[in-house]
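Where a number appears in this text, it was derived from the coordinates with a stated rule and is not lab data. What you see is a predicted model, and the numbers here were worked out from it, not measured in a lab. No Cβ is skipped: glycine too gets one built from the backbone with ideal geometry, and neighbour counts run over all protein chains shown.
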Amino acid sequence: MTIQPSIIMGIILFLLFIKLVKKKNSTQLPPGPTPLPFIGSMIQLHQNKPIFRWIHKLMDDYNSPIICLRLGPSTHVIAVSCPTIACEFLKTQDEVFASRPDAISAYLISNNYRTTVLSPIGEQWRMMKVIVSENMLSSWAHKWFQPKRDEEANHLLCYISNQIQKGTLVNIRIASQHFCANVIKKLIFGKRFFGEGHEDGGPGVEDIEHISALFTMLRYLYGFSTSDIFPWLRWRIDFDGHVKIMRDAIKIVQKYHDPLIDERIQAWKNGARNEVKDLLDKLITLENPKLTPEEIKAQILELMLATIDNPSNAVEWVMAEMIKEPLILKRAVEEIDNVVGCNRLVEELDVPQLNYIKACIKESFRLHPYTPFNVPRLALKDTIVAGYFIPKGSYVLISRLGLGRNPNVWNNPMRFDPDRHLGKNGKQVALSDHELRLLSFSTGKRGCPGMILGTTITTMLLARMIQGFSWETPQNEQQVNSLIENHDNILLAKPLVLVAEPRLPQHIYPTI
Ligand code: HEM
């Protein structure tokens, strides 16, 4: 049988057509606004603040769980709100997206990328991640530091009891943020306060200034500074003022950290100190690799930032949700009373059994994450994800809001419902979700190494508050107000302020 040349020609043309269609799809960027030459979508970016709300609106407008914005001549920002695509980025192609973008805020905080969270992939990141994971966040280190954390859990009760005795309301935001900061200061420096502290057990002016500077840094970190998009502007003009804000905040924190660190390095040098008692000692005495003072200082600042934001925000929101829905508070109290009873305080050893409490925290991570996006990742090479072309150098923003509030994943997503996370047959609740239906500790090479510490701090904070006190809205406050989210970020619009009453026998409460 002979085949007609015209049929052969037809087959060849058909195959060429298929190849062309395939090539077109694999070079197609995710949907997004058409960029202008050179500036891309920079004008819209500046017109649509807060940027995270604009990006989420674009995802809705394009009806797409993945979108692409081009900023400036060449920066592609890819935002993602569905778990399957998020898993492609953070699990299937983890190696490709294991770096961080260069941003002026990250550069300044990490003192030229000497640290773990903010550094691009490379030798420095690798070294610091091993040091942090093995020496500071390993299970033996966690055990070793338990007495220090216990002291802070007791201090929290004293602080709240003192507010009650003074007849003042309890500001849950202040109590939570300072608890987290006190824990990490105690672990790192072996002390709770940089100054004397307040006589009621609360922070003094120094610690208020310190924590406020840390939260300023968190607010501007990866804040789409114009010089991140046009790097030649970086050291020439502080277009949006971010550099000054960051530098001022870093200076404040250094004012408290650096003298302590320098003094301690000196004490080890001259033999005045010879026993490892805290994380600072640990960092100073490391051999092979030996850290420079600059590396120690930058890493300590970064660990402070990593510890204070998520736990305090999650607990403030849980408390607000519980006040709105007292049945949830009742179930949490019942769990603690069943597991612990009323004759001793809840301890860290109880954490594995406090599954309803952890489900409440996980629900808070889902519905009210501290930041709208995960810490950004950077594409190390051209690749294809979800059928779209992702160019080398793209910033990848996995949306914590988009995952946690995704109606295709969660039934009635805006409802605070801890029961969603309770396993069958009393299975322990973990705060992480490796399927990325919500993003708490994330996953993969750049996943959070502080999961045990983060889980412990958050659970102890909430459990101690709920076990130690009963909570109510002050009479003149309207309950509905307490659940309004800020427009510019996703924190509670007003700090949660409540009336507390002791609920345990007097002798159980520790005294300062
Ligand atoms: C509830 C508490 C915490 C939450 C929800 C949390 C969440 C996260 C997230 C989302 C990331 C980014 C992961 C990614 O890029 O995909 C991260 C990274 C990191 N976290 Fe945490 N974290 C918590 C507590 C802590 C604590 C207490 C520490 C240490 C003191 C810590 C240390 C780190 C470090 C060093 C990284 C950087 C990992 C890397 O880039 O290789 N975290 N964390």
Query - segment 179-205-segment 135-160 distance, computed between alpha-carbon centres (Å) - result: 13 Å
Query raised in the report: Counting DSSP beta bridges with both partners in the chain, what percentage is antiparallel, nearest 5?
Result: 85 percent
Query raised in the report: Once phi is turned into ³J(HN,Hα) by the Karplus curve 6.51 cos²θ - 1.76 cosθ + 1.60 with θ = phi - 60°, what whole-Hz value does each residue of segment 196-213 show in order, with x for glycine and proline?
Result: 7, x, 8, 5, 7, x, x, x, x, 4, 5, 6, 5, 5, 4, 6, 5, 5
Query raised in the report: Between Ile390 and residues 5 or more places away or on another chain, which pairs have amide H atoms under 5 Å apart, with H built 1.01 Å from N, and which residues are they?
Result: Thr383, Ile384, Val385
Query raised in the report: Separation between the Asn274 and Ile43 pseudo-spin-labels, each 7 Å from Cα along Cα→Cβ, expressed in nm?
Result: 7.1 nm
Query raised in the report: What whole number of Å gives the distance from the Cα centroid of segment 385-463 to the Cα centroid of segment 40-64?
Result: 23 Å
Query raised in the report: Relative to the longest principal axis of the chain, what angle (0 to 90°, nearest 10) does the C-alpha long axis of helix 5-26 take?
Result: 20 degrees
Requested in this report: Please give the net charge around Trp317, taking every other residue with its beta carbon less than 14 angstrom from that of Trp317, where Lys and Arg add +1 and Asp and Glu add -1.
Outcome: +1
Requested in this report: Report, in debye and to the nearest 20, how large the dipole of segment 5-508 comes out about its Cα centre when Lys and Arg carry +1 and Asp and Glu carry -1 on their Cβ.
Outcome: 1560 debye
Query raised in the report: Over 22 Å between Cα atoms, which of Lys129/Lys445; Lys269/Lys290; Lys129/Lys244 qualify?
Result: Lys129/Lys244
Query raised in the report: What nm value, rounded to one decimal, do you get for the distance between Asn288 and Asn412 when each label is placed 7 Å out toward the C-beta?
Result: 6.0 nm
Query raised in the report: Among the lysines, which fall within straight-line cross-link reach of Lys57, defined as a Cα-Cα distance under 21 Å, with same-chain neighbours fewer than 8 residues apart omitted?
Result: Lys49
Report summary line: Given backbone amide H placed at 1.01 Å from N, residues whose amide H is under 5 Å from that of Phe194, ignoring those fewer than 5 places away on the same chain, are Asp207
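Stokes-Einstein at 10 °C, 1.306 mPa s, Kirkwood radius from Cα pairs: D for the chain in µm² s⁻¹?
64 µm²/s
If you add up the charges near Asn408, with Lys and Arg at +1 and Asp and Glu at -1, over every other residue whose beta carbon is less than 15 angstrom from its beta carbon, what do you get?
Details: positive: Arg366, Arg405, Arg420, Arg437; negative: Asp60, Glu435.
Here the charged neighbours net out to +2.
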Query raised in the report: For Lys186, which aspartates and glutamates qualify as cross-link partners when the Cα separation must be under 12 Å and same-chain residues fewer than eight apart are set aside?
Result: Asp150, Glu151, Glu152, Asp278
Query raised in the report: Relative to the longest principal Cα axis of the chain, at what angle does helix 146-166 sit, 0 to 90 degrees, rounded to 10?
Result: 70 degrees
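Please work out whether segment 348-494 counts as rounded, prolate or oblate from its C-alpha gyration tensor, where a ≥ b ≥ c are the square roots of the eigenvalues and a/c under 1.5 means rounded, while otherwise a/b larger than b/c means prolate and anything else oblate?
Note, shape of segment 348-494 comes out prolate.
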**Report entry** Cut-off 15 Å (backbone N to label point 7 Å along Cα→Cβ of His198), residues of segment 133-169
**Finding:** 156-169
Query raised in the report: Once phi is turned into θ = phi - 60°, what whole-Hz ³J(HN,Hα) does the Karplus curve with 6.51, -1.76 and 1.60 give for every residue of segment 379-396, x standing for Gly and Pro?
Result: 6, 7, 7, 4, 7, 10, 10, 6, x, 9, 7, 10, x, 3, x, 5, 8, 10
Report summary line: Excluding residues fewer than 8 positions from Lys358 in its own chain, the lysines with Cα under 20 Å of it are Lys324, Lys330, Lys424, Lys427
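Taking the Cβ of Lys186 as the center, what net charge do the other residues with Cβ under 9 Å away carry, scoring Lys and Arg +1 and Asp and Glu -1? Each step should come with its number before you reach the end.
Details: positive: Lys148, Arg149, Lys185, Lys191, Arg192; negative: Glu151, Glu152, Asp278.
Local charge sum for Lys186: +2.
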Requested in this report: Output the relative contact order of the chain, whole-number percent, from Cα pairs under 8 angstrom with separation of 6+ residues.
Outcome: 22 percent
**Report entry** Within the chain, helix-based [θ] at 222 nm, where runs of 4 or more DSSP H residues each add -39,500 (n - 2.57), nearest 500
**Finding:** -15000 deg cm²/dmol
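Using alpha-carbon pairs under 8 Å, 6+ residues apart, how would you state the relative contact order of segment 319-425 in percent?
Computed value for segment 319-425: 26 percent relative contact order.
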Query raised in the report: Roughly how many nanometres apart are two label points built 7 Å out from the Cα toward the Cβ at Gln4 and Met127?
Result: 7.2 nm
Query raised in the report: Using modelled amide H (1.01 Å from N, peptide plane; none on Pro or chain starts), what sits under 5 Å from the amide H of Ser470, excluding residues fewer than 5 places away?
Result: Glu501, Arg503
